[in-house]
1. Residues in the range A:255-275: is at least one part of a loop (DSSP other than H, G, I, E, B), over 30 Å from A:GLN568 (Cβ atoms), in contact with a helix residue (DSSP H, G or I) (Cβ under 7 Å, 6 or more places away or on another chain) and not assigned by TED's automatic domain parsing to the domain that holds A:PRO43?
2. Go over the candidates A:ALA336, A:ALA255, A:ALA362, A:ALA269 one by one and state the one that is closer than 30 Å to A:THR437 by Cα, hydrophobic (A, V, I, L, M, F, W, C) and crowded, with 18+ Cβ neighbours inside 10 Å.
3. Residue check: is A:ALA492 over 15 Å from A:ARG339 (Cα atoms) and not polar (S, T, N, Q)?
4. Taking the range A:398-418, which residues are surrounded by 20 or more Cβ atoms within 10 Å (Cβ to Cβ) and outside any strand (DSSP E or B)?
5. Which of (1) more than 15 Å from DNA strand B (Cβ to nearest atom); (2) free of Cβ contacts under 8 Å to residues at least 40 places away in the same chain; (3) surrounded by 15 or more Cβ atoms within 10 Å (Cβ to Cβ) is the odd one out, the single condition A:ALA91 does not satisfy?
6. Give me the pairs, please: first residue somewhere in the range A:548-562 and free of Cβ contacts under 8 Å to residues at least 60 places away in the same chain, second residue anywhere and crowded, with 24+ Cβ neighbours inside 10 Å, beta-carbon distance under 7 Å, and either six or more positions apart or on two chains.
7. Take A:LYS153 and tell me if it is within 12 Å of DNA strand B (Cβ to nearest atom), part of a helix (DSSP H, G or I) and out of contact with any helix residue (DSSP H, G or I) (no Cβ under 7 Å at 6 or more places or on another chain).
8. Which count do you get for residues in the range A:339-356 that are surrounded by fewer than 15 Cβ atoms within 10 Å (Cβ to Cβ) and in a helix (DSSP H, G or I)?
Amino acid sequence: MPVHNADIATVLNRVADLLEIEGANVFRIRAYRNAARTIASLPWSVAEVLAEGEDLPKLPGIGEDLAGKIKEIATTGTLSQLEEIERRIPAALTQLMKIPSLGPKRVQAIYQKLNITTLDELEKAAREGKIRALFGFGQKTEEKIIEEIEQKKEKKERIKLPVAEEVAQSIVNYLRQVSGVSEVVVAGSYRRRKEVVADLDILAVASQDSPIMQRFINYEDVDRVVARGETKSTVLLRSGLQVDLRVVPKESYGAALHYFTGSSTHNIAIRKLGLKAGLKINEYGIFRAEERIGGREEEDVFRSVGLPFIEPELREGRGEIEAAARHMLPRLISLADIRGDLHLHTTATDGRFSLEEMVEAAIRKNYQYVAITDHSRHVSVAHGLDARQILQQIEAIDRLNKRLEGKIRVLKGVELDILEDGSLDLPDEVLKLLDLTVCSVHYNFNLPLEKQTERIIRAMDNPYFNILAHPTGRLINERKPYEVDMERLIEAARQRGCFMELNAHPDRLDLNDIHCKMAKEMGVKIAVSTDAHNLTDLDFMRYGVDQARRGWLEPEDVLNTRDWPKLQQLLKRR
DNA sequence: GCCGTTTTCGGCCCGACTGTTTTCAGTCG
C-alpha cells in the first residue's frame, strides 16, 4: 500500500493535534503543521522518491528532525513518536478538536475532568448538562457543542466555484445597495480561484454610520449568526456555507484586501518581510512605528516590502515571494489569450447539440479553431463512434469547413479511449485522417499505480496520441483521482511530443494547479479545454484559465493560445 | 521544531469576537 503525501500530512497533523492538547510549545506544533502543509502540496511523491533510493531534498520549514520523521512515515506508514504520544493520551481526542469552538485547551479540560474521548461521549455529557459545570465553560458553550455535533452529522463539504459564485454574487449585490457602502468584494480562497471553497470572505468599505452589519445578518439566506461585531461578523447560510463579512475604512481597503485574500502562509511570509524592514503590516495598513505609510491600495503592501504585485492566484506560499523578489513572476495567461477549444462533444455521442450548433457557439466566442472530439467506440455508455462513424463525421466536418471558410476552422478529432492494455480504441488508418486526438481513461480506474502509469505511457507510444485528457479522472468531491505517477507521465509526454490537458470543467479541473506547475517546469505544454457537452459548457473555459493561473501558466505554456499553423506544427509528432 | 547580511539562542504574524469572569483566555481566520 503506497504512502501518499496526504497520508504523511495526516500523521503530522495528528501529532500536532495531540501535542497541542498536551500543551506543548506552540511553535513546535506550528512546525509540524507547516511541514504537513508543505508535504501535502508537493508535486512529487515523497514515498516514491525515497523508494528510488534518493534522499529527501531540503524543504522550507523541515529540518533534520522532521525530515527523519517524514522518512519514517513514508517507509513504514506510521510514526513511532505518534504511537508513543498515543500511549499518553487517547488518539480519538483529535476528533473532538474538529468541533468548531473546541480547541486544545477545552478538549484537554473535557478529557481530564470528565474522561471523555469520543464525540458520542461528548454529546451525551453535553445533553446531561455536565459540560456547563466545568470551569471556563458555560451554558452557551454547551449548547454550541450540541449544535455543532448535530451539524457535523450532516457533514458539509467544500463547494465548487460555480456554486460559490452564485451565492457570492447575490450577497455582494445585496450589500452594495446598503447606504454608506462604497466597496464590496469577495476575498479569500474565492479570489485566489481555488477549485473548492470552504467559506466566503467578503470585504466591504463603509462609512461609520452604515447599517451594513445589521443588513448582513438580516440577509434572507442566513440560518444562524455565529458572531456579530463592529467590524466582523460570521453567518451560516441555510446551505451550511459560512460567510464572513469584514468592514474597514477606505484608507485600509488595500491592506485589508491583501490580508483577507490570503493565503495565511503567504500573509505570514509578507508580514515577516515587513518586520525585517521595520514595518508592521496588518489589515488596517502598513505602519512604521505608529505612522501609517500605506494601505489604501493592495499594491502598497507589496511595495512596502520591495516586491512587485503578486496575482491572487499565486498567493499560496509556493515560491511566489521568492520569484517576485527575483523579478521572475510569471506573466499569467488570461481568457483573452485563448484561441480555441480542443475538446468538444456533439450529438454524435453524448453531447446535447449538433456539430453545427457547437461550432456556431465557438464562432460566437471568436475562436480561430475548435476541435470536435466525440467518444470512441469502447465508451459504449456514450455511444462511442466506430471507424465508419468517425469517417462520416470527418466528411461532415470537411463540408462544414468549406461552408465556414474564413469564419473558423473546425478540427477533426476524437476522444480516444485508452484500453486496459494501453492500446488505442481505433485503428491507425483512421487516426491518421484526424487533426488531433485527445486520449483518456474511462475504464479500469482501479489498476495499481505502476500498471496504470504504464498503461498510459504505452498509449503515448502510439504516434497518433496527442493530448492526455483529464489525466487523473478525478471528479471533485465525487471520485478520487486514479493512481498514476504524474511525474513519469509528464516526462513520457515530453519525450514523445505529447501534451497534457487541463480539463476546464469545474467538476474536474484536471490537471490540478500543482501538476500544471510541474508540467510547465518539465517543459510540457498544456491544452486548456472545456470538454463541452452543450453550448453553455464552452463558458467553462474561464475556470480552466483560473486553474492555469494557479498553476503559474503563461500564454506560452498553453497549447491553445497559438494560431492554427503553429498549433498544427506542435501536433505533428516525429 | 526551525532558522539566521541583526542572532547557533531567542525569536517565531496579527487582530476580532465570544463567553466567562471580573480583566482575559480560548478560538478562529
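1. Checking the range A:255-275: at least one residue is part of a loop (DSSP other than H, G, I, E, B), over 30 Å from A:GLN568 (Cβ atoms), in contact with a helix residue (DSSP H, G or I) (Cβ under 7 Å, 6 or more places away or on another chain) and not assigned by TED's automatic domain parsing to the domain that holds A:PRO43.
2. Details: A:ALA336 fails: crowded, with 18+ Cβ neighbours inside 10 Å; A:ALA255 fails: closer than 30 Å to A:THR437 by Cα; A:ALA269 fails: closer than 30 Å to A:THR437 by Cα.
Criteria check complete, one pass: A:ALA362.
3. yes
4. Within the range A:398-418, just A:ILE408 meets the criteria.
5. Of everything listed in (1) more than 15 Å from DNA strand B (Cβ to nearest atom); (2) free of Cβ contacts under 8 Å to residues at least 40 places away in the same chain; (3) surrounded by 15 or more Cβ atoms within 10 Å (Cβ to Cβ), A:ALA91 misses just condition (2).
6. A:GLY551/A:ASP513; A:GLY551/A:CYS516
7. Criteria not met by A:LYS153.
8. Total meeting the criteria: 1.
The values are calculated or read from the model by the stated rules, or taken from the named source; none is laboratory data. The shown structure was predicted, so the numbers you read here are calculated from the model rather than taken from an experiment. Because the Cβ atoms are built from the backbone with ideal geometry, glycine has one as well, and the counts that use them run over all protein chains shown.
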